[in-house]
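K.L.:
Structure in structure tokens, see below.
Read-outs: derived from the displayed coordinates by stated rules, not from any lab. Note that this is a predicted model, so its numbers are computed, not measured. Cβ placement follows ideal geometry from the backbone for every residue including glycine, while neighbour counts extend to all protein chains displayed.
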């Protein structure tokens, strides 16, 4: 009877301890409210900004909280903006500007979602995968080079 209670208590303690442990291999950066930072953050899986940051940032996911202010050059797969972002923002997947979000600067995105009340100002560039067009251009250039070499050979033979 007492052994069961010990086991349950020990299991609860183990669960509580595991809550605070990050997943192996994960890297999350949190800039808390009231904190200011300048610098560079690279190779982070997730970055949460609730304070002020003037940074160069490369991450999988960026989340700017409602009181967060982010300035600088940002490269991310996904961005969820509740606060303010100003600078060069390159999002290779989805950029979501929430109801209180303000984004300004040069903005590149693949998918864009702006909630009612969200605001974007600046240069917007939609990235689309154009692999076939790139391959076509490469083939066209090879064709031109091939024709030019034929012309050069024929002119050499005439001389």
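K.L.:
Compute the distance in nm between two label points, each set 7 Å from the Cα along the Cα-to-Cβ direction, one at residue 92 and one at residue 115.
P.N.:
That separation, rounded to one decimal, is 2.6 nm.
K.L.:
Please arrange 91, 35 by how many other C-beta atoms lie within 10 Å of their C-beta, fewest to most.
P.N.:
So the ranking, lowest neighbour count to highest, is 35, 91.
K.L.:
Rank these for me by crowding, 121, 96, 59, going from fewest to most other beta carbons within 10 Å.
P.N.:
Final ranking by Cβ density, sparse to dense: 121, 96, 59.
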